[in-house]
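Undergrad: One structure follows; several queries about it will come next.
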Amino acid sequence: MRDKKELVQNLKNSGYLKTQKVVKAFIDTPRDDFIPKKSRDYAYADQPLPIGKGQTISAPHMVAMMTELLEPEAKDKVLEVGGGSGYQAAILSRLVKKVYSIEVDPELVSFAKANLRRVGIKNVEMILGDGSKGYPKEKPYDKIMVTCATPEIFDSWINQLKMRGVLLAPVGGGFYQELIKVRKTKKGLEQRNHGGCVFVPLRH
Ligand code: SAH
């Protein structure tokens, strides 16, 4: 699809897409399959779009930025908090061994599962639940990506992260957050702020 090529080229030019394997993950993953029919014409515009239940699929530049920052590796087991449409999980699935994606809304879990099935992705498990507690059943994770706005980085996430593991989360209030990257080390948590962002809030 021409639109997708253009979007990927723009994300490369603007520096959001940096590594060849992440570029390939974007090319191999049709975003239109993760968007309800009525907004599909806008699938390759760089903007968030409604996916129902007041939730949104993140803008492609944000997915690109977060995917690059997570430093995905082929051996990784990743936890995503906020499954939504399943698109971010689909992108990660091309880059890592296994993705566990937890989503609090049952209708969105069904939506994401159907989308992932249609695209033929088999290494993502969508789980219905409250991701603020992580997903202890499959711990520890190499990486954790939170895609809903969280007031804080919960201990449960850090506890479920491997040593040297990376966690990425939009931390802040309901209208504005900062994208925080945390690396768990023997000396404690290394934190870096990657700037402002806007995500829908985490709900319990
Ligand atoms: N990553 C998604 C977009 C996420 S939007 C995508 O690629 O489409 C944020 C999602 O977080 C919403 O679907 C919302 O329902 C979900 N969410 C909110 N609170 C949550 C919680 N406590 N646990 C898991 N998911 C949650």
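Undergrad: Within the range 101-146, which residues are closer than 18 Å to K184 by Cβ and basic (K, R)?
TA: K133, K139, K143
Undergrad: Could you tell me which residue of the range 162-204 is nearest to I144 (Cα to Cα), considering only residues that are exposed (fewer than 11 other Cβ atoms within 10 Å of the Cβ) and without any contact (Cβ under 8 Å) to a residue 12 or more places away in the chain?
TA: That would be G188.
Conditions tested, residue by residue: (1) surrounded by fewer than 19 Cβ atoms within 10 Å (Cβ to Cβ); (2) at pLDDT below 95; (3) of a type in the set (A, V, I, L, M).
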| site | (1), (2), (3) |
| --- | --- |
| R31 | no, no, no |
| I35 | no, no, yes |
| G52 | yes, yes, no |
| M62 | no, no, yes |
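Undergrad: A follow-up question, please. Tell me the strands (runs of 3 or more DSSP E) entirely within the range 94-204 that contain at least 1 residues that are over 17 Å from the mean Cα position of the chain (by Cα), within 11 Å of the ligand (Cβ to nearest atom) and within 30 Å of K37 (Cα to Cα).
TA: No strands (runs of 3 or more DSSP E) qualify here.
The values are calculated or read from the model by the stated rules, or taken from the named source; none is laboratory data. Given the structure is predicted, the values throughout are model-derived calculations rather than measurements. FYI the Cβ positions are ideal-geometry reconstructions off the backbone, even for glycines, and counts take in every protein chain you see.
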